[in-house]
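Visitor: Pasting a structure here, questions to come.
A short reminder: the numbers here are calculations on the coordinates, not readings from a lab. Everything quoted here is computed from the prediction, not taken from an experiment. Glycine also receives a Cβ, built like all others from the backbone with ideal geometry; neighbour counts cover every protein chain displayed.
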Amino acid sequence: MNFPSIVFEDVSGYDFSKHNKKHVTEDFVSENFKELGWNVYRPFNDTGIDLIIIKRCCPRGHEQIDESANNEVCSQCGNDLVHIKRFIQVKTREIKGKSNSSQFFGYTLKSKDFRTDPRHVFLLYSDYTNDFLIIPMYEYLKIFYENKELGKSHFGTPSFRKGNNKLNSLRKHPNGQWVWKSRNNARGISFDKFVNKNGLKLMSNPDYDINVQKYAEQISEMKLHLFYTYSHGRQFNKELEKEINNYLSNKVKDNIESISSIRSETRKKLRKELSSELIDSIENGYLVKFEGVSFYD
Ligand SMILES: [Zn+2]
């Protein structure tokens, strides 16, 4: 099996400008998933998610699933099949640098791109080398959570919160290996487990669906650590950085408790003051997008 396969044999990446490239590459990615039996949906409005893909999958990892048979159990082990769903954000970039030395894949991610849901996946598509790097949300954060210095340089800077924080640390070596390399980590961290078939296998883990809540909690915990760490620039010293980080972590702790009590008090107050027609209208209109938030209970 070739993955990704060249589904558009007659077009080359060079044929596209930045104006139509996004759509063509999303087509390319979605045709590749369709070939492997995934159902592919494309959100019409721009929600930050480019593709939603769904597939039935054996919880024990058996891969021979007869899509035409419409079975709900695995033909090899008899276990109930799991419907797995992935929300994919595609970043297509041209790899930069000389081909005889390591080339880099530059991309940007904002804090809103990090959803607290293990079914979210970043797909970095290096179109000139025809590589997919498929990185589930949980795995992405885990790398930077476990490597504190890398986490600081990726997430701890003010530009991650505010500006366009261009990431230039992902590299492809002339020997074909992908690594995350930066000043703080000269040896680099291998990204090979995310490349092409490896990434596909990692992303297809049904555990993300079966234990969605457990992973969401871990993602939330890692985000809290990574996003609320300040990294000092040239003007400040280590001492001041420590002081600022203590202040921030205390603020976060204090507010986690007060936010939930402020919310419940506000809800009580509104329920008392608003007319029942207005409450119904908010409940059935505005609040539907906030799962678990309700005036009634
Ligand atoms: Zn099975």
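Visitor: Pull up all non-local amide H partners of HIS120: gap of 5 or more, or a different chain, and H-to-H distance under 5 Å with H placed in the peptide plane.
Guide: PHE87, MET137
Visitor: Going toward the positive end of the dipole of the chain, with +1 on Lys and Arg Cβ and -1 on Asp and Glu Cβ, which of ASN237, CYS58, SER260 do you reach last?
Guide: Ranked along the dipole, the leading option is ASN237.
Visitor: Taking amide H positions as placed in the peptide plane 1.01 Å from N, state which residues far from TYR128 in sequence (5 or more) or on other chains have amide H under 5 Å from it.
Guide: ILE95
Visitor: Where a Cα-Cα gap under 16 Å defines reach, which lysines qualify for LYS22, not counting those fewer than 8 residues away within the same chain?
Guide: Result set, ordered by chain and number: LYS91.
Visitor: Let me ask something else. Quick one: putting +1 on the C-beta of Lys and Arg, -1 on the C-beta of Asp and Glu, what dipole do you get for the chain around its Cα centre, in Debye to the nearest 20? Write down the numbers at each step before the final one.
Guide: Values: 46 positive and 39 negative charges, 310 e Å.
Dipole of the chain, to the nearest 20 debye: 1500 debye.
Visitor: Enumerate the calculated ³J(HN,Hα) couplings along region 93-106 in order (Karplus 6.51 cos²θ - 1.76 cosθ + 1.60, θ = phi - 60°), each rounded to whole Hz, writing x wherever the residue is Gly or Pro.
Guide: Using θ = phi - 60°, the values come out as 9, 8, 6, 10, x, 6, 6, 8, 10, 6, 9, 10, 10, x Hz.
Visitor: Then there is this: Tell me the Kirkwood radius of the chain: reciprocal of the mean inverse pair distance over distinct alpha-carbon atoms, in Å.
Guide: 22.0
Visitor: Any idea what Rg and Dmax come out to for region 238-289 if you just take the C-alpha atoms, in Å?
Guide: 18.2, 56
Visitor: For the chain, what are the DSSP H helices with axial Cα length of 20 Å or more and mean Kyte-Doolittle hydropathy of at least -1.0? Mind showing how you got there, number by number?
Guide: Details: long enough: 21-35 (21 Å, -1.33); 212-227 (22 Å, -0.27); 238-273 (50 Å, -1.44).
The answer, listed by residue number, is 212-227.
Visitor: Follow-up question, since we're still on this one. What FRET efficiency comes out for HIS173 versus GLU243 if R0 is 45 angstrom and r is the Cβ-Cβ distance? Round to the nearest 0.05.
Guide: Working from the Cβ atoms, E equals 0.65.
Visitor: While we're looking at this one, here's another question. Among the DSSP beta bridges whose two residues both lie in the chain, what percent are antiparallel, rounded to the nearest 5?
Guide: In the chain, approximately 80 percent of DSSP beta bridges are antiparallel ones.
Visitor: Now a separate question. Order by neighbour count: VAL288, VAL82, VAL195, fewest other Cβ atoms within 10 Å first, most last.
Guide: Going from sparsest to densest Cβ surroundings: VAL288, VAL82, VAL195.
Visitor: What FRET efficiency comes out for the pair VAL212/LEU274, r = Cβ-Cβ distance, R0 = 35 Å, nearest 0.05?
Guide: The formula returns an efficiency of 0.55 here.
Visitor: Taking 8 Å as the Cα distance limit and 6 or more residues as the minimum spacing, I'd like the relative contact order of the chain as a percentage.
Guide: Relative CO of the chain lands at 14 percent.
Visitor: Straight distance only, please: which lysines reach the Cα of LYS268 with their own Cα at less than 26 Å, same-chain residues fewer than 8 apart left out?
Guide: Reachable lysines: LYS251, LYS253, LYS289.
Visitor: For a footprinting-style exposure proxy, rank GLU26, GLU265, GLU31 by other Cβ within 10 Å, fewest first.
Guide: GLU265, GLU31, GLU26
Visitor: If you bin every alpha carbon distance in region 94-174 into 10 Å steps from zero, what whole percent lands in each bin?
Guide: 16, 46, 33, 5
Visitor: Quick one: LYS91, LYS238, LYS142, fewest Cβ neighbours within 10 Å first, how do they rank?
Guide: LYS238, LYS142, LYS91
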